[in-house]
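Encoded as structure tokens, here's the structure I'll be asking about.
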Amino acid sequence: MGTIPPTLPYAVHHERHPYAVQRAHSDDLTRHIGPSWLTVSQLCHRWQLGRKTVYKFIDAGVLPAWRVGSHLYRVSATDVLQFEAQNRIRPPQ
């Protein structure tokens with residue numbers, strides 16, 4: 001069993017693929033050290049929402065996000081957990 005590199009905060013060991021990435025769960029988000037970031041696509045899968053809805057949260061200032069490049073966003077795991085707690089969104093099981 002190999003070690004998981006710190007650059008993959010929500011990676012889990014898999015028998016065939018040692019660095020297979022699964023959907024981020026709340027336990028995974030709080031378990032590692034250092035900042036972790038989720039993409040809009042990852043948030044869509046996590047919350048089962050469309051991209052436009054997540055972008056509306058960002059544009060309204062309800063969900064803090066950092067712009068990467070000209071059109072990419074990243075949201076910190078801490079902000080995701082706070083947003084879920086404030087809006088009663090349950091993380092995936």
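Read-outs: derived from the displayed coordinates by stated rules, not from any lab. Note that the coordinates shown come from a computational prediction; the quantities given were computed from them, not determined experimentally. When we count neighbours, we look across all protein chains shown, and the Cβ atoms used for this are built from the backbone with ideal geometry, even at glycine.
Output ³J(HN,Hα) for segment 70-86: one whole-Hz value per residue in order, computed from phi by the Karplus curve 6.51 cos²θ - 1.76 cosθ + 1.60 with θ = phi - 60°, and x for Gly and Pro.
Each residue of segment 70-86 in turn: 7, 9, 9, 10, 10, 10, 5, 4, 4, 5, 5, 5, 5, 4, 5, 5, 5 Hz.
Could you tally the net charge around Asp59, taking each other residue with its Cβ under 14 Å from the Cβ of Asp59, Lys/Arg +1 and Asp/Glu -1? Write out the running numbers ahead of the final one.
Working: positive: Arg51, Lys52, Lys56, Arg67; negative: none.
Within the 14 Å Cβ shell, the charges total +4.
Right, next: Between Tyr55 and Asp79, 0.36 nm times their residue separation minus their Cα-Cα distance comes to what? Before the final figure, lay out the partial values.
Numbers: separation 24, 0.36 × 24 = 8.64 nm, distance 1.48 nm.
Value of the extension gain: 7.2 nm.
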